[in-house]
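To start, the structure under review is shown below, and the notes come after it.
The values are calculated or read from the model by the stated rules, or taken from the named source; none is laboratory data. Nothing here was measured: the structure is a model prediction, and the numbers come from that model. Because the Cβ atoms are built from the backbone with ideal geometry, glycine has one as well, and the counts that use them run over all protein chains shown.
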């Protein structure tokens, strides 16, 4: 079961990384909230037929679906608007910082003190984020700031799923949080963005891919995978989405990075991996059962 969960989360990282391309397409048409709203609502509709009918949704689950949905709305909105003003590769790597922020969110919310490794990882990741965002200059792009703010909410969403979603049936929980996030995004988008942009063929294709794979399958498998994989393993595996995002942006969108920005990417990836090493002990010998 553990290996199956790890492989599942690896597949999720691949799906999420490549889905940054669809978000880049939507950003070209200046769509954020409508794109998110329709994508999340469609994903929720896709999942509804697969919800086990014998599982009753209790009030406690509704409460946490609402909380997770609001957090998901904040994270997705900041991420998509940020892509207006930065590269897909930047967005992918800066979003991956949620794996580093997660221990500090656990400290603030649950009094779980961060390990010294986490403190060092944040310092290292900050250097990488600076190089990636500024390319060695002293001017941080506004899009990168939004992506960093979004990463905090992605970390908060990761904590909520790890702490509370495991108590509930995963498909119904996923559909519920998508419904909340989609409704909030759509309401905001109807007042701020041109509805006609949703009828363009590239946008339709991007919505279908994101709704069916990135959201419908990806987030649902995340809920299931985190039930069977330790948090450190889950965060490390899901952090690989940044690598897939950069690779997809290079292959499909032909986006390139300066050498100093590539160095920033490597530093961030190292920080994400380093933050997960605190529980690894090569000298520990498991006692036979």
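At-a-glance table
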item	result
Within the range 18-100, helices (runs of 4 or more DSSP H) holding 3 or more residues that are modelled with pLDDT under 90, in contact with a helix residue (DSSP H, G or I) (Cβ under 9 Å, 6 or more places away or on another chain) and closer than 20 Å to residue 221 by Cα	none
Which numbered condition residue 114 fails, given (1) in a helix (DSSP H, G or I); (2) free of Cβ contacts under 8 Å to residues at least 60 places away in the same chain	(1)
Among the candidates 41, 9, 31, 78, residue that is at negative phi and over 18 Å from the mean Cα position of the chain (by Cα)	31
Test result for residue 64, touching a residue at least 60 places away in the same chain (Cβ under 8 Å) and more than 19 Å from residue 214 (Cα to Cα)	yes
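Let's see how each residue does on (1) out of contact with any strand residue (DSSP E or B) (no Cβ under 9 Å at 6 or more places or on another chain); (2) within 18 Å of residue 183 (Cβ to Cβ); (3) without any contact (Cβ under 8 Å) to a residue 60 or more places away in the chain:
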{"residue": "7", "(1), (2), (3)": "yes, no, yes"}
{"residue": "16", "(1), (2), (3)": "yes, no, no"}
{"residue": "34", "(1), (2), (3)": "yes, yes, no"}
{"residue": "46", "(1), (2), (3)": "yes, yes, no"}
{"residue": "59", "(1), (2), (3)": "yes, no, yes"}
{"residue": "68", "(1), (2), (3)": "yes, yes, no"}
{"residue": "88", "(1), (2), (3)": "yes, no, no"}
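Matching residues to (1) in contact with a strand residue (DSSP E or B) (Cβ under 7 Å, 6 or more places away or on another chain); (2) under 29 Å from residue 27 (Cβ atoms); (3) buried (at least 24 other Cβ atoms within 10 Å of the Cβ):
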position	(1), (2), (3)
93	no, yes, yes
127	no, yes, no
141	no, yes, no
164	no, no, no
